[in-house]
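See structure below.
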Amino acid sequence: MLRLIFRILITMAALKGADILLPNFNLHGGFWTLVGFTIVLGLLNWIVKPILIFFSIPLIVLTIGFFYLVINALILYFASVVFPGVLSATTFGVFWGSVIVSVLHWLLTAIFRGKRD
């Protein structure tokens, strides 16, 4: 349970970081709204993303992995459609926002994970 809360907090921090860094990626709402949006994003990453990756393997191979970034942007866009009013961004804002969220999530997880036994 603590691991799930940790992942939600890390994703929220990454989303807020993208909100601060990008002028065309704006998050609206308070803390609990962002928690709900993060949970929706996590569920879409868990359920929809593997299906999208499976059906787009040829495109991912053909573009040397670039299409994987497009899939991340699509998942972020789908989350904004499922949970409306939280994210307002342009197409490039969603794309670069997903890149920044991915990088910040990886970085924050590496920093705060600590040493495992």
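The values are calculated or read from the model by the stated rules, or taken from the named source; none is laboratory data. Here the structure is a predicted model, which means the values were calculated and not measured. So basically every Cβ, Gly included, is an ideal-geometry build from the backbone, and we count neighbours across all protein chains shown.
In table form, for the structure just shown:
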item: Residues of the stretch 34-79 classified as closer than 26 Å to Ala13 by Cβ, outside any helix (DSSP H, G or I) and at pLDDT 95 or above, total; result: 0
item: Whichever residue in the stretch 1-36 is of a type in the set (Phe, Trp, Tyr) and over 18 Å from Trp96 (Cα atoms) and, among such residues, is surrounded by the most Cβ atoms within 10 Å (Cβ to Cβ); result: Phe6
item: Pair list, Cβ under 6 Å, 6 or more apart: the stretch 13-28 residue part of a helix (DSSP H, G or I), other residue buried (at least 19 other Cβ atoms within 10 Å of the Cβ) and of a type in the set (Gly, Ala, Ser); result: Ala18/Gly97
item: Residues that are more than 14 Å from Ser80 (Cα to Cα) and under 15 Å from the mean Cα position of the chain (by Cα), drawn from the stretch 22-37; result: Leu22
item: Qualifying residues in the stretch 78-95 (those that are buried (at least 18 other Cβ atoms within 10 Å of the Cβ) and in contact with a helix residue (DSSP H, G or I) (Cβ under 8 Å, 6 or more places away or on another chain)) - the one nearest to Leu41 (Cα to Cα); result: Ala79
item: Neighbours by Cβ (under 7 Å, 6+ apart or cross-chain): first from the stretch 38-66, without any contact (Cβ under 8 Å) to a residue 60 or more places away in the chain; second of a type in the set (Phe, Trp, Tyr) and part of a loop (DSSP other than H, G, I, E, B); result: Val40/Phe83
item: Thr63 over 15 Å from the mean Cα position of the chain (by Cα) and not charged (D, E, K, R); result: yes
item: Which listed residue, of Ile39, Ile111, Ile75, Ile51, is under 25 Å from Arg3 (Cα atoms) and in contact with a Lys or Arg (Cβ under 7 Å, 6 or more places away or on another chain); result: Ile75
